[in-house]
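Here is the structure we will look at, set down as structure tokens.
The values are calculated or read from the model by the stated rules, or taken from the named source; none is laboratory data. Just so it is clear, the structure is predicted and the values come from calculations on it, not from any experiment. For neighbour counting, all protein chains shown are included, and Cβ atoms are generated from backbone atoms with ideal geometry for every residue, glycine included.
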Amino acid sequence: MPTPNWAKALSQNPPSCNDIGIPWTEAEAKAVLIDRIPADYVRAGALSHEAYEKMKGKNDLYKEKHGEYPLIFWTRDELYHEADRLEIPYTATTPKTILANAIELGRQKEEIRKAEEETKKEEQEKTEEKTEEEVEEEAEEEIDLKELSKEELKNIAEKEDVEISSTDNKGDIIKKIKKARKLHE
């Protein structure tokens, strides 16, 4: 028995298979080929005109909530446009179901990328905030150190193991203390 040409079967209007490698069940084949229910709705489970109409109504509610219909119900042109936006390669023979799945995965990747960018941006802002806080602390520290006497600065230098010479003035001692503190951070 020869292997069916699934791509050809899927590209027919209406398609003579559910998807590549997946034939229609008898009920699905009847719904698509005889009752002329759109294949996308049959794939989603609508095997009668009543179920099809009910599903169309649910899709309208879905669109109100999410701003668009489920991907499986999009036209090829709509899928091609979204695939282009997401930079997903495809061909004219790419089945709708496969393209819809690729788009769904592409959207998930896009969400992950956006979340990572947002996290990176937040971390950068925190770093910038820390830098501002450090500047404020240094300014306060500088004021505090400047308010101290040379003897008090010598005591701090000794406690923090900062080497100073007898010729260092108050400004030199402050610089050495700050430098030592930065090295210890």
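Details
- Of all residue pairs spaced 6 or more apart or on separate chains, those with beta-carbon atoms under 6 Å, a first member in the range 57-76 that is surrounded by 13 or more Cβ atoms within 10 Å (Cβ to Cβ) and a second member that is of a type in the set (A, V, I, L, M) are LEU71/ALA100; LEU71/ILE103; ILE72/ALA100.
- Taking the range 72-97 as the range and being outside any loop (DSSP other than H, G, I, E, B) and modelled with pLDDT under 90 as the test, the residues that pass are ILE72, PHE73, ARG76, LYS96, THR97.
- Residue tally, condition assigned to a helix (DSSP H, G or I) and either of a type in the set (Val, Ile, Thr) or more than 16 Å from PRO14 (Cα to Cα) (or both), over the range 24-48: 3
- Exclusive hit being surrounded by 12 or more Cβ atoms within 10 Å (Cβ to Cβ) and among the basic types (Lys, Arg), set ARG85, ARG36, ARG113: ARG85
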